[in-house]
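Have a look at the structure below, then the notes.
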Amino acid sequence: PAAASPAARGPGAGARKRLAAGTGLGGVQQSPVTFTNPILPGGFPDPSICRVGNDFYLANSSFEYFPGLPIHHSRDLLNWTLVGYGLDREEQVNGAINLTDVMSQDGIQAPSLRYRDGTFYIIATCVYRPPGVQDGTCTNFIITASDIRGPWSQPHVIEGAPGIDPDIFFDDDGRVWYVGTHVPDKPNFGGEGEIWCQELDLSCWCLTGERHYLWRGACHGGVFVEGPHLYKHEGMYYLLVAEGGTGVNHAVMIASSDKVIGPYYPNERNPMLTSRNLSYDNWVHSTGHADLLQVPDGRWFMVLLGIRGDTGPSLNRRSNMGRETFLVPVEWEREPMEWSPLGPHIHHLWPVAAPGTGRVERSGPVPLEGTKQRGPHVFRDDFESPELHPEWVFRRVPRRGTFSLTDRPGFLRLFASPQTIQERATCSLLGVRQRESDFVFRARMEFSLPDDDDLAPPVEAGICLFQKDDNYLACTVARLSGVPAIRLIYKPPGGEAQNLGSAALLSYRGGLLFEVVADSEGYTFRYSLAGRGRRGAAGRLERLARIAPNLIVSTGYTGA
């Protein structure tokens, strides 16, 4: 996801940057009895949800970002608080689970979050390609915690578990099942996937017994069956999967069986939910990768990912927020038909997603009576805590000594380093997720420019709107030709960096205020000279550049 980020870089480790930041991001207003989708805006794909009493917990994919596996808590399914990460320690992610030099779009994917007998479980995949290797490894692992806020265990790697997108299922008889996705030995067409299961021994974190092959999806030619979740309801087993690839043909499919090991018979009304039957101009598309949840009063809901089709003239139905988490109601209905060509007819009971309209709606009735969705997302950080706020994330595990919150209390100090933004690298950059197309981001910075203007590249510090290692906008202060200056650099995918605007800062004394104002039509970059210190006065904002919104729009796997 595109992130507004402070960044510092240079050829030496001595340059310092001190910054305080605040963001205000706006969304659609709702009435007291309705809510607005997405329920978790920003780059939070592949949602998995579980309930413990009256508390709901949500985990999402995080790919190459660290900390990994963000976990949110809610008591109403609408207002979510980030309470921690499943992978937040370097020793968890510098071995078989690797977030130190992971490629863009690899890393931590498709978690399943479950709770059983006082323990939380997250099972997920880590994709890693060693340098120079095109085809990497998919390592499936489990972490556990007695408290959702952690600490979470070291990863338990499940040996002999091929493929991606694992699920963990606790049956009523006490047996535990691993449910996975792999490419079958003899696929019928390119992209065909297959769901399999095998019993899991939690005493050794190992697979045991016979492997059972469950389902290859609902549609012939329906590529990329993945993201399985297994449930038991009224004595029947239900296998929920994603199909069609995480793009505009994404869909939610379901099958059922009277035995956990199958055979599974598909719902004849599949897909259970999709946007593939709607116009490409629908307000949300690519809906899929879902998880089901029953609330305390017995009703059911579904969380799933989708991409908002922003309406800007150059966004081409894409969104700078990438894949986000949405909510739809679910009702169970029994088949009225007297026969079925797909299997034994027993008047199956099936979950029906969004029963009123059959699609993800922008707004709807609040799921729990007496609740109200909070207004637009607002984030401000004055760095008064000795711990970094959990909203901040890094590209991969940061090097030690990248930042400090204690060298100068009340300031985030970033240390410049020779590393620049590039594939597999870790540089002095951290950020927060963009939550809406319309937002305001401000960051106040103190940066002492080095006197030596012969450094190449120059030491620079500033903010960055970031999509990928080869696609970002960097607005920085540097000494250019002996003169302090601010400039906006654009790095297009696969192309050379471009200067989109610059201005001399002849009266620069070490302090600057950055501002980015964004809407569906583009981003406006402004700046103002500011005094040093928290209370140093800032001058009138000057416009540096106005750029189109599609320069950093996601077109790759993690955003499509």
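The values are calculated or read from the model by the stated rules, or taken from the named source; none is laboratory data. Every value quoted in this text rests on a predicted model; they were computed, and no experiment measured them. Cβ sites come from the backbone with ideal geometry, for glycine too, and all protein chains shown count toward neighbours. The accessibility values were calculated without ligands, DNA or RNA, using every heavy atom of the protein model including side chains. Shrake-Rupley method; radii C 1.70, N 1.55, O 1.52, S 1.80 Å.
Residues considered: 388, 368. Of these, the only one that is within 20 Å of the chain's Cα centre (by Cα), among the hydrophobic types (A, V, I, L, M, F, W, C), open to solvent by 20 Å² or more (accessible area, probe 1.4 Å) and farther than 28 Å from residue 129 by Cβ is 388. Selection of region 143-157 for residues being surrounded by 21 or more Cβ atoms within 10 Å (Cβ to Cβ) and under 12 Å from residue 97 (Cα atoms) yields 143, 155. Strands (runs of 3 or more DSSP E) fully within region 16-63 that include at least 3 residues being among the basic types (Lys, Arg) and at pLDDT 95 or above: none found.
Of the strands (runs of 3 or more DSSP E) lying entirely inside region 469-560, those carrying at least 2 residues that are free of Cβ contacts under 8 Å to residues at least 24 places away in the same chain are 483-491, 498-504, 522-529.
Taken over region 32-69, the residue count meeting the criterion of being on the phi > 0 side of the Ramachandran plot and of a type in the set (Gly, Ala, Ser) is 2.
With respect to being at positive phi, surrounded by fewer than 19 Cβ atoms within 10 Å (Cβ to Cβ) and at pLDDT 95 or above, residue 132 falls outside the description.
For the condition in a loop (DSSP other than H, G, I, E, B) and basic (Lys, Arg), residue 211 does not qualify. Of all residues in region 153-205, those satisfying the criterion of being within 16 Å of residue 261 (Cα to Cα) and outside any strand (DSSP E or B) are 171, 172, 173, 174, 175.
Of the residues in region 279-316, how many are of a type in the set (Ser, Thr, Tyr) and part of a loop (DSSP other than H, G, I, E, B)?
4
Taking the criterion of being assigned to a loop (DSSP other than H, G, I, E, B), open to solvent by 40 Å² or more (accessible area, probe 1.4 Å) and in contact with a strand residue (DSSP E or B) (Cβ under 8 Å, 6 or more places away or on another chain), the residues of region 220-235 that qualify are 224, 234. Restricting region 183-219 to residues that are open to solvent by 60 Å² or more (accessible area, probe 1.4 Å) and touching a Phe, Trp or Tyr at 6+ places or on another chain (Cβ under 8 Å) leaves a set whose member that is farthest from residue 154 (Cα to Cα) is 213.
Of the residues making up region 260-278, those that are under 29 Å from residue 174 (Cα atoms) and not in a loop (DSSP other than H, G, I, E, B) are 265, 266.
So is residue 172 among the acidic types (Asp, Glu), without any contact (Cβ under 8 Å) to a residue 24 or more places away in the chain and open to solvent by 10 Å² or more (accessible area, probe 1.4 Å) or not? No: the conditions fail for residue 172.
The set of residues in region 142-152 being small (Gly, Ala, Ser) and assigned to a loop (DSSP other than H, G, I, E, B) consists of 146, 150. Here is the figure for region 236-257: residues that are at pLDDT 95 or above and open to solvent by 10 Å² or more (accessible area, probe 1.4 Å) total 2. Can you find, within region 495-507, the residue that is least open to solvent (accessible area, probe 1.4 Å) among those that are more than 35 Å from the chain's Cα centre (by Cα) and at pLDDT 95 or above? Looking at the filtered set, the residue picked out is 505. Applying the set (1) without any contact (Cβ under 8 Å) to a residue 40 or more places away in the chain; (2) outside any loop (DSSP other than H, G, I, E, B) to residue 130 leaves exactly one unmet item: (2). Residue 423 falls short on exactly one of the conditions (1) under 30 Å from residue 100 (Cα atoms); (2) modelled with pLDDT under 95; (3) out of contact with any Asp or Glu (no Cβ under 7 Å at 6 or more places or on another chain), and that condition is (3). Listed by first and then second residue, the pairs linking a residue in region 264-291 that is more than 19 Å from residue 303 (Cβ to Cβ) to a residue that is among the basic types (Lys, Arg) and modelled with pLDDT under 95, with Cβ atoms under 8 Å apart and 6 or more places separating them unless they lie on different chains, are 280/317; 281/317.
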